[in-house]
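Shown next, in structure tokens, is the structure this report addresses.
The values are calculated or read from the model by the stated rules, or taken from the named source; none is laboratory data. Since this is a predicted model, take the numbers as computed values, not measurements. Backbone-built Cβ (ideal geometry, glycine too); neighbour counts: all protein chains shown. Heads up: the accessible areas ignore ligands, DNA and RNA and are worked out on the full protein's heavy atoms, side chains in. Shrake-Rupley method; radii C 1.70, N 1.55, O 1.52, S 1.80 Å.
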Number of protein chains: 2
Amino acid sequence: MFASPPAPQKAPRPVSSTSDIENLIELMAKLPGLGPRSARRAVLHLIRKRALLLTPLADSLQIVAETARECLNCGNVGTTEICDICQSEKRATGELCVVEDVADLWAMERASVFRGRYHVLGGTLSALDSIGPEQLRIPRLLNRVASEQITEVILALNATIDGQTTAHYIADQLNGRVRLTSLAQGVPIGGELDYLDDGTITAALNARKEI
Amino acid sequence: MFASPPAPQKAPRPVSSTSDIENLIELMAKLPGLGPRSARRAVLHLIRKRALLLTPLADSLQIVAETARECLNCGNVGTTEICDICQSEKRATGELCVVEDVADLWAMERASVFRGRYHVLGGTLSALDSIGPEQLRIPRLLNRVASEQITEVILALNATIDGQTTAHYIADQLNGRVRLTSLAQGVPIGGELDYLDDGTITAALNARKEI
């Protein structure tokens, strides 16, 4: 018989140590866009602006850690089971905009031109990373198109190879069941031809319009 | 007579709103090195890595918000009245390294070549911003040199105009009371002459050494 091992005792946090600050720097350095040097700079900035920034940021992170969740309907990030956009009466048009990622949804919202609702796939199809339709929210999309009063699906996927592959797959699945559109391709506003890639110029020329 | 206005009632935090997340993005965007776009990216990253990053970061910020403080002796940032370096028996040499900022102290510590103690000025003299010796930790420095067993003061101020002005002022004040040195100036390790400014090349040539 073995004696049961003593329960691990939680060591009291040492009162006199700078390791709390080093720990914070290490965590901050894991954020995208920050490295070890900028994390140190950010932490010093935070400590200098304790009341204005450090405490509010700590509180805000705590709140978001407790409340943030994915919308069960569309995959948007919010603080409720069904997100504000899905809940909104004003957005209940038959238009559904399909995006890869929550960041893309936010980008569309900043343009504040689209008044319908969204569907966030959570990525793109990728044979290399063995991401199939089941790993994304594609079954749920087909489901929504069948059960909600959807009249048009706008594919707003990124103009990358993976994005376009995914768009083709979805278009195949929905073919004939609903009106399908995608974002126009062409010269971006403020863009200079000299700096554009050949693909964009080709797309813009092919989609040229009467003035 | 006026009736006293009704006491403002603290509104309960709305349960269903994405404004918590927007609030967090706004706070993150105030960090040096992050703008609105990278703050959004960072917040999405945090929400995706809730257990690994978001909760630990919230806890760590809370701890630092409660415990971080300036060392009463040298101005370093730590979690105790007197910082680890000032307390350490191993560092009790007579050498005192004067730096502008806590970030500079950390940079010196990363090189782990200096075994004495520090004095953080908290900035540089600047007539334009009306920062005189009293606004920095210069009186405290003179005090320390007089009362502690200091044998050498190493001026490790930045090689900027403000930094060198401050170094000259301190050198004037301490003249004759202690050995005064400053960091060597020259070609940085790995530096290519072609990319160096004239001032650095001049300094390196003037301080040239026998091989």
| said: Name the single residue that is nearest to the other protein chains (Cβ to nearest Cβ) among those in region A:126-142 being among the polar types (S, T, N, Q) and at negative phi. | reply: A:Gln135
| query | Given the conditions (1) of a type in the set (S, T, N, Q); (2) loosely packed, with under 11 Cβ neighbours inside 10 Å; (3) without any contact (Cβ under 8 Å) to a residue 12 or more places away in the chain, and given that A:Thr202 satisfies all but one, which numbered condition is not satisfied? | reply | (2)
| said: So, in region B:64-91, how many residues would count as being closer than 18 Å to A:Glu26 by Cα and out of contact with any Lys or Arg (no Cβ under 8 Å at 6 or more places or on another chain)? | reply: 2
| Wholly within region B:64-174, which helices (runs of 4 or more DSSP H) include no fewer than the required count, namely at least 3 residues that are open to solvent by less than 20 Å² (accessible area, probe 1.4 Å)? | B:138-147, B:161-174
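Per-residue answers, yes or no, for (1) without any contact (Cβ under 8 Å) to a residue 40 or more places away in the chain; (2) within 12 Å of another protein chain (Cβ to nearest Cβ); (3) within 21 Å of B:Ala167 (Cα to Cα); (4) charged (D, E, K, R):
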position	(1), (2), (3), (4)
B:Thr80	yes, yes, no, no
B:Ile85	yes, yes, no, no
B:Glu95	no, no, yes, yes
B:Val98	no, no, yes, no
B:Val102	yes, yes, yes, no
B:Met108	no, no, yes, no
B:His119	no, no, yes, no
B:Thr124	no, no, yes, no
| Matching residues, region B:34-57, being surrounded by 21 or more Cβ atoms within 10 Å (Cβ to Cβ) and more than 18 Å from A:Ser19 (Cβ to Cβ) | B:Leu34, B:Arg40, B:Ala42, B:Val43, B:Leu46, B:Leu54
| said: Going by what's in this entry, would B:Leu31 be described as open to solvent by less than 10 Å² (accessible area, probe 1.4 Å), modelled with pLDDT of 90 or more, at the interface with another protein chain (Cβ under 9 Å from one of its Cβ atoms) and closer than 11 Å to A:Leu61 by Cα? | reply: no
